[in-house]
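Derivation of every value follows stated rules applied to the coordinates shown; laboratory data play no part. Please read these numbers as outputs of a predicted model, since none were measured by experiment. Neighbour counts run over all protein chains shown; Cβ positions are idealised from the backbone, glycine included.
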Amino acid sequence: MKIWRGQILSAAVLAVSLFLSGCNKPPGESFATSDVIKVGEFASMTGSEATFGQSSHQGTQLAIDDLNAADGVLGKKLELHMEDDQSQAGQPATVVRKLISSDGVVAILGEVASSRSLEAAPICQENKIPMISPASTNPKVTEAGDYIFRVCFIDPFQGTVMANFSRKTLKLQNVAVLTDAKSDYSLGLAKFFKEGFVADGGKIAAEQNYSSGDKDFSAELTAIKAANPDGIFVPGYYTEVGLIALQAKQLGITVPLFGGDGWESSALVPIGGAALEGDYFSTHYSPQDTSPAVQNFVKEFKAKYNSTPDAMAALGYDSAMILAAAMKTAGTTDGAKVRDALAATKNFAGVTGKITIDANRNASKAAVILTINNGQFQYVQTVQP
Amino acid sequence: MTEFLQQLINGLALGSILALIALGYTMVYGILRFINFAHGDIFMLGAFAGFYLAPKVAMFLPMPSIGGGLAVMGISMAICAVVGILIEKLAYRPLRRSPKLTVLITAIGVSLLIEYTCQNDHVFGAAPKSFPTIFPEYHITQLSGLSLNSNQIIVFAVTLILLLALRFIVLKTKIGMAMRALSFNPEAAALMGINTDIVISFTFGLGSALAAAAGILLMGVLPGLKAFVAAVLGGIGNLPGAALGGVIIGVTETLVAGYISSTYRDAIAFGILIIILLVKPSGLLGKKEIEKV
């Protein structure tokens, strides 16, 4: 009886190890025999930044469908493997490892939030799998290695754009900064905003921090109110931004709030309501842009999902399109060759504008500034790099 | 000075809500000697009950108004009281004679079950929702810019009324006397003809109703952990202690966030807890208990 059980055990161990070694096969090898190209995506489909993940995933899926409708890439159909990281730290590493080793994807698309892209980047780099982040704007993301790209502008540019806009267009002198101390995105944006604003002769009246997940901001806002600023820069994500706007009004703060692309969400106005009227934020694109590329995309997106695409959806679309273009140029899905083709991307006509990948694998492109008017996002101006 | 007073008002409002939740922890502990970790989830359910009830109530009563707001709060409290009683009946009652550790782990299980069920897209979903305005909003700006909004006044008023009502129930009614008897000695209370099951159900219902009221007053999910800390700080099992603990944690947190850095608000609030427990292990108002081994 005992020996028998031992045999079963060793057989099981053997089976498992065979299975694992099968999974660990480099994706390039197994691909030769398959007739689809597997592309991985990780996104925050649930949790506090759920609308980001849902939007970018819808955009990515639309691009994959468009590509497949036009006979795919290299004569093969694309297959999108999407994993939800629940907006939680720690999850991206798990799901990206799964995508690479168990699903055998040839490239990874994701994520919107910089903190979570930073988690996945070293894993993609280690496995030599090209990763394209649609909307992570923190500079550190692409510094993880030469396989990590993005299709959006970075925080130094976005921070400077908002500093110039608040100083020159809004004519603010004295602003307070309310930063999410737990988010790389927010910290980066705040840093570059402050540098730009002070360099332009402005003054920082007060600096306060909160932590993502907080619901009560009255303490921070009371301290800001005491400093009497003429504007408040809130480079956070929409859930907290909405609550901050509400509570600021409740405390009797009437100066405008402004922030970055973390505001861009269909959930922002339902949370913050009328308290957000007349506030500003910078982002990647506006569906009100009249260029044919944008209008085509908006029309297609509306037909498929029955809603207007936001910036995250447009960037998700561009991330998949730029990957497909690189695969076509490279003539293969081999990681190293796709990487080289991505790095050489110039003037790619994306929905979010002309994308050129610079030496640091960042996209250099224009930003737009939107305002909130009657509960709608309204185009104000475009800022070139 | 104005800023300090304003921070104090903010802190008291947060503290009152923590106090309401802490009472539920402390009441259950007082009677059953175990921490009901699912209590924080009842608070969340209370907020969601209010979220879904508000549009329904708005069909009969004007909204936002004091009457409409109180109606939403009352129904949510009733719903959560029933949920609290059900949880006790299904999860904890079968374990009445089991070791305390088993019940404690079951409580954690119930808490996770509620959280993950509610996160499902077909239940409430994981995306944040904005709580409707159910109480009228006024803005009272005192001299030198001190602002007190109607929400804060309602928080203070409701907390005070509920605390007085709780005091009345515990000290002046028959069921309250039974609760105290049970907390003193459950076996002796049962021998004296007290129906312990009914008293325990009532305690769960009462605690859950208070948590639901807190959920309506403070939109969103606040970690129940903080209220638990407040209960321990005040001396777990002691009702005024739980209220005091809640206010202390709320005020400390707000002052730390306003004057030092909100990054440290939890660290300092919990640090104070550790110091107080080192000096007075039974909590601020807790009685020393000699444990027989």
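Take every pair of alpha-carbon atoms less than 8 Å apart whose residues are at least six positions apart; their mean separation over the length of chain B yields a relative contact order of 36 percent. When both segment A:323-359 and segment A:40-66 are represented by their alpha-carbon centers, they are found 21 Å apart. By the beta-carbon count within 10 Å of each Cβ, the least crowded to most crowded order of B:T117, B:T252, fewest first, is B:T117, B:T252. Any chance you could give the angle, 0 to 90 degrees and rounded to 10, that helix B:66-87 forms with the longest Cα principal axis of chain B? Relative to chain B, helix B:66-87 is tipped by roughly 30 degrees. Normalised by residue count, chain A yields a Cα convex hull volume of 152 Å³ per residue. Spatially close Lys pairs in segment A:156-283, defined by Cα atoms under 26 Å apart and a spacing of eight or more places or different chains, total 29. Shown for A:H57, A:H284, A:H81: other C-beta atoms within 10 Å of each C-beta, ranked fewest to most, produce the order A:H81, A:H57, A:H284. Between helix B:265-279 and chain B there is an angle of about 40 degrees, using the helix long axis and the longest principal axis of the Cα atoms. Per residue, the convex hull spanned by the alpha carbons of segment B:43-158 comes to 150 Å³. Each 5 Å bin from zero up to the one holding the largest Cα-Cα distance in chain B carries the following percent of pairs: 1, 6, 11, 15, 18, 17, 14, 9, 5, 3, 1, 0, 0.
Legend: ranking of residues A:D184, A:D340 from fewest to most surrounding C-beta atoms inside 10 Å; resulting order A:D340, A:D184.
Considering every Cα-Cα pair within segment B:223-274, what fraction, in whole percent, is farther apart than 18 Å? Summing the P(r) of segment B:223-274 above 18 Å gives 25 percent of all pairs. Do you know the relative contact order of segment A:156-283, to the nearest whole percent, from alpha carbon pairs under 8 angstrom that are 6+ apart? Relative CO of segment A:156-283 lands at 26 percent.
Pairs of lysine residues in chain B that meet both criteria, 8 or more places apart or on different chains and Cα atoms under 23 Å apart, total 13. Amide H contacts for A:Q381 (H built 1.01 Å from N in the peptide plane; partners 5 or more residues away or on another chain; cut-off under 5 Å): A:I369. With respect to the cross-link table entries A:K76/A:K337; A:K140/A:K365; A:K98/A:K304, which display a Cα-Cα separation exceeding 21 Å? Among A:K76/A:K337; A:K140/A:K365; A:K98/A:K304, the Cα-Cα distance tops 21 Å for A:K98/A:K304.
Tell me, rounded to the nearest percent, the portion of alpha carbon pairs in segment A:156-283 spaced more than 18 Å apart. Taking all Cα-Cα pairs of segment A:156-283, the fraction more than 18 Å apart is 45 percent. The loop-placed GluC sites (Glu not before Pro) in segment A:26-117, going by DSSP, include none that has at most 16 neighbouring Cβ atoms within 10 Å of its Cβ. Under 5 Å between amide hydrogens, built in the peptide plane, is the criterion, and for A:K77 it picks out A:I37 among residues at least 5 positions away or on other chains. If each DSSP helix of 4+ residues adds -39,500 (n - 2.57) and the sum is divided by the residues in the protein assembly as shown, what number results at 222 nm, nearest 500 deg cm²/dmol? Per the formula, -17500 deg cm²/dmol.
Averaged over the residues of peptide A:205-218, the number of Cβ atoms from other protein chains lying within 10 Å of each residue's Cβ is 5.
For the protein assembly as shown, a Kirkwood hydrodynamic radius built from all Cα pairs, placed in the Stokes-Einstein relation at 4 °C and 1.567 mPa s, yields a translational diffusion coefficient of 47 µm²/s.
Computed from phi, the 3J(HN,Hα) profile of segment A:340-355 under the Karplus parametrisation 6.51, -1.76, 1.60 (θ = phi - 60°) reads 4, 5, 4, 5, 8, 4, 10, 6, 6, 7, x, 5, 8, x, 6, 10 Hz, with x in place of Gly and Pro.
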